[in-house]
Every structure is written in C-alpha cells, then in structure tokens.
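J.: Dumping the structure here so I can ask a few things about it.
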Amino acid sequence: MSTKPAPETSYIVLWSGEDPAFHEALLDELELSSIPYADKPIGEEENAPDPLPIDWKPRFGFEVAVHHADFPAAKQILEKLLSEGATADVELPDESDTPGNDVGRDETPRQPQQGATVEEQPSVSVWAGTDPRINEFLTAALRENEIPIRAVKDDELTVLYVPPSNAARAREIVREITEGIPPQ
C-alpha cells in the first residue's frame, strides 16, 4: 500500500488482473510518480465466489485503485506499461532446469533404464485377470512408476503388457499388489 494515506471511498479501480510481474511494475511506476494507491489481493474475501457472475472478474490476483484526482495520470502510466509490454522480460524456467521440480513427490527421480528405447512397444505380459478393480489399480501403479502399458481385453479377461526393458520392475509391482509382498 502507498505511504500516502487517503480515504478509500475516493478511490477508483485502475487495474485488476492476475499477472504478478505486471502488478509489481505498475506499483513501482505509481510510487515513482508519487501517486497514492490502494493495493488489494483478489480471492481472499470471506464470501464464497459467485458461481454465476454477471460481471467478469478474476477469482484471484490483484486490484490496484487510485484517488479519483490522480486517475488521469495513473491511467497514462497504465497505458504506457501496457504498450511497452511490462512483462516481456518474465520467463518461466524450463522444468528440466528447475532444481527441486519433484516437490511434493515422495519418490526419488529415477534414471532411464539401460536398453530402454523410445520406440519399445509393450509386448511382455505381466498380468492377466478378470477383476476390474485390480486391473485399474495395477494400471495406475504401473503408470505412476512411468512404465508404459498396453491393456488388451478379451471378453472378461484383461491382459496387461509392458516393454521388455520394464518387465522385471512391472512384475515386481504386480506381485506387490496381488500378493501383498513388499519389494525385495
């Protein structure tokens, strides 16, 4: 919030949006121009958001308001920032370059298995059964472990296939689930 106090009733919304970089640039320019402003985060209200809003408003982000007497000068600053593309220098890091991009995962990152190729097709059968719940659970577990699968259903019998390079690990996962035996 600006260091220059003013009554909130005399403020007019200048900008509202979800771009934190633009928000910061706008506040910096308003401060440099000595224009008092009110900065309010959007989405932290006590009331639940309107499920059928008539007026479009962002559900989260920022709202910047200025005193009605300063509105013309503030609007010029806003238009200048919009025309300059104030967020042009903002770049999201590449996921592979970001340290700790596995935040929230309990598993450690695994290296690709030797001999695995991109074109390797699931051709080794690791499970066959009729229980749809076990099939669904096995499918989810294998995918979670980044093992490509192919499921073939013939009437009630479902057969799960994996690539040959992943067969040993897939069989271990299937055994853990179907027999309740922990990994060796």
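J.: Could you go through region 158-165 and let me know if any residue there is farther than 13 Å from Pro122 by Cβ and open to solvent by less than 50 Å² (accessible area, probe 1.4 Å).
T.: Looking only at region 158-165, we keep the residues that are farther than 13 Å from Pro122 by Cβ, and these are 158.
The next check asks that each one be open to solvent by less than 50 Å² (accessible area, probe 1.4 Å); those that pass are 158.
Yes, region 158-165 contains at least one residue that is farther than 13 Å from Pro122 by Cβ and open to solvent by less than 50 Å² (accessible area, probe 1.4 Å).
J.: I've got another one for you. Could you check Glu172 against (1) free of Cβ contacts under 8 Å to residues at least 40 places away in the same chain; (2) touching a helix residue (DSSP H, G or I) at 6+ places or on another chain (Cβ under 7 Å) and say which number it fails?
T.: So the condition that Glu172 fails would be (2).
Each row is one residue, and each column tells you yes or no for (1) within 31 Å of the chain's Cα centre (by Cα); (2) small (Gly, Ala, Ser); (3) modelled with pLDDT of 90 or more.
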{"site": "Arg105", "(1), (2), (3)": "yes, no, no"}
{"site": "Arg110", "(1), (2), (3)": "yes, no, no"}
{"site": "Gly115", "(1), (2), (3)": "no, yes, no"}
{"site": "Ala128", "(1), (2), (3)": "no, yes, yes"}
{"site": "Ile134", "(1), (2), (3)": "yes, no, no"}
{"site": "Glu144", "(1), (2), (3)": "yes, no, no"}
{"site": "Ala151", "(1), (2), (3)": "yes, yes, no"}
{"site": "Pro182", "(1), (2), (3)": "no, no, no"}
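The values are calculated or read from the model by the stated rules, or taken from the named source; none is laboratory data. These numbers were taken from a predicted model, which means no experiment stands behind them. Here the Cβ is made from the backbone with ideal geometry for all residues, glycine too, and neighbour counts use every protein chain on show. For the accessible areas, the whole protein counts, side chains as well, though only heavy atoms, and no ligand, DNA or RNA atoms are used. Shrake-Rupley method; radii C 1.70, N 1.55, O 1.52, S 1.80 Å.
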